[in-house]
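The values are calculated or read from the model by the stated rules, or taken from the named source; none is laboratory data. Because the structure is a prediction, the values reported are computed rather than measured. FYI the Cβ positions are ideal-geometry reconstructions off the backbone, even for glycines, and counts take in every protein chain you see.
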């Protein structure tokens, strides 16, 4: 798998179950969410418009992920403005020397931070984000095309740490045809 295959494999609707552990307080919390992810190639209108706003040459972008957090019925507070689910666009900007490393630029970020990515030989993606008051490292990999796993470590400047693990199942996968259906 190469970096482009990895990003394209993220496209789809995903059900996420996440467990978060606060290391100092020893408190654990579980959460669930549904994500709709769409892959956009570098020639898409969304990528072009985002690059114009960010004053980046669109030909330097590998592509992007349009990510929508669909609210769970059990959590109506997860809706964004005007009752719409929050959506953001993540632009993949590879380093000029190697496509497996680069930046992830986010168009709708609540917290300002710089995210760097590295695609490993084990087909995992590591995201490192530096915020003014925190640092996060997230590793994402596929156990199969329809099962994605993520582990995250967040450290703040006041020495608070939390870790999380998420398993994500692709929803709406077409059933394979039986041999009799040919």
Practice task
Within segment 71-94, count every residue that is modelled with pLDDT under 90, surrounded by 17 or more Cβ atoms within 10 Å (Cβ to Cβ) and out of contact with any helix residue (DSSP H, G or I) (no Cβ under 8 Å at 6 or more places or on another chain).
Solution key: 0
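Every residue, every condition in (1) at pLDDT below 95; (2) under 23 Å from residue 148 (Cβ atoms); (3) surrounded by fewer than 17 Cβ atoms within 10 Å (Cβ to Cβ), yes or no:
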{"residue": "18", "(1), (2), (3)": "no, yes, yes"}
{"residue": "22", "(1), (2), (3)": "yes, no, yes"}
{"residue": "25", "(1), (2), (3)": "yes, no, yes"}
{"residue": "34", "(1), (2), (3)": "no, yes, no"}
{"residue": "41", "(1), (2), (3)": "yes, yes, yes"}
{"residue": "53", "(1), (2), (3)": "yes, no, yes"}
{"residue": "59", "(1), (2), (3)": "yes, no, yes"}
{"residue": "64", "(1), (2), (3)": "no, yes, no"}
{"residue": "69", "(1), (2), (3)": "yes, yes, no"}
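Given the structure, is residue 36 touching a residue at least 12 places away in the same chain (Cβ under 8 Å), touching a helix residue (DSSP H, G or I) at 6+ places or on another chain (Cβ under 8 Å), assigned to a strand (DSSP E or B) and on the phi < 0 side of the Ramachandran plot?
On the way: touching a residue at least 12 places away in the same chain (Cβ under 8 Å): yes; touching a helix residue (DSSP H, G or I) at 6+ places or on another chain (Cβ under 8 Å): no; assigned to a strand (DSSP E or B): yes; on the phi < 0 side of the Ramachandran plot: yes.
Spelling it out, it is not the case that residue 36 is touching a residue at least 12 places away in the same chain (Cβ under 8 Å), touching a helix residue (DSSP H, G or I) at 6+ places or on another chain (Cβ under 8 Å), assigned to a strand (DSSP E or B) and on the phi < 0 side of the Ramachandran plot.
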Fill in the blank from the handout: Counting only residues in segment 108-139 that are within 14 Å of the chain's Cα centre (by Cα) and in contact (Cβ under 8 Å) with a residue 40 or more places away in the chain, the one surrounded by the most Cβ atoms within 10 Å (Cβ to Cβ) is identified as 119
Fill in the blank from the handout: Subset of segment 103-140, residues at pLDDT 95 or above, in a strand (DSSP E or B) and touching a helix residue (DSSP H, G or I) at 6+ places or on another chain (Cβ under 9 Å), comes to 117, 119, 125, 140
Problem - Cross-chain or 6+ apart pairs with Cβ under 9 Å, segment 150-166 first and at positive phi, then part of a loop (DSSP other than H, G, I, E, B) and modelled with pLDDT under 95 - result: 159/24
Practice task
Only residues that are closer than 24 Å to residue 16 by Cα and over 15 Å from the mean Cα position of the chain (by Cα): list them for segment 154-171, please.
Solution key: 154, 155, 161, 162, 163, 171
